[in-house]
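The values are calculated or read from the model by the stated rules, or taken from the named source; none is laboratory data. What you see is a predicted model; the values in this text were computed from it and never measured. Positions of Cβ are backbone-derived with ideal geometry, glycine not excepted, and every protein chain shown enters the neighbour counts. Just the protein is used for accessible areas: all its heavy atoms, side chains included, with ligands, DNA and RNA removed. Shrake-Rupley method; radii C 1.70, N 1.55, O 1.52, S 1.80 Å.
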Amino acid sequence: EDLTTKIESLTASSARLGTEIKNLEKEVAKNQEALDQATAIRQKQLAEFNAEEKDLLESISALKSAIVVLSKHHSSLVQMPKAHVMALAAMVQNQLQKHASLLQGVITPSERRGLGG
């Protein structure tokens with residue numbers, strides 16, 4: 001009788017553990033799916049970030065070149081139509097505001113003041 005009780009007890013334990021294993025396998029599959037989705041999202045965000053970073057670096061380079069040109073030919077600004085100067089200033093100001101967090105530390109405070117930012 002002891003042996004029969006032991007067999008029944010172990011059979012019940014085996015069934016319980018089998019159920020737990022199946023539940024854990026389902027949980028692992030669900031977690032893997034969530035991980036795969038998160039990885040795909042992160043990869044998409046990285047691609048978007050890299051594209052935006054490239055665009056911003058090109059903008060920074062163009063703005064730095066504009067600063068150099070404008071500082072060399074500052075007197076010629078007087079001869080430019082006021083509308084052109086205002087449009088240029090508005091474009092520079094817009095880019096500075098649009099990308100302020102990324103430009104922090106790239107454009108010095110004196111350059112920012114020179115740009116009217």
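Taken over region 36-66, residues that are in contact with a strand residue (DSSP E or B) (Cβ under 9 Å, 6 or more places away or on another chain) and open to solvent by 100 Å² or more (accessible area, probe 1.4 Å) amount to 0.
Condition test on GLU33, is it under 44 Å from the mean Cα position of the chain (by Cα) and modelled with pLDDT under 95? Here the answer is no, as GLU33 does not meet what is asked.
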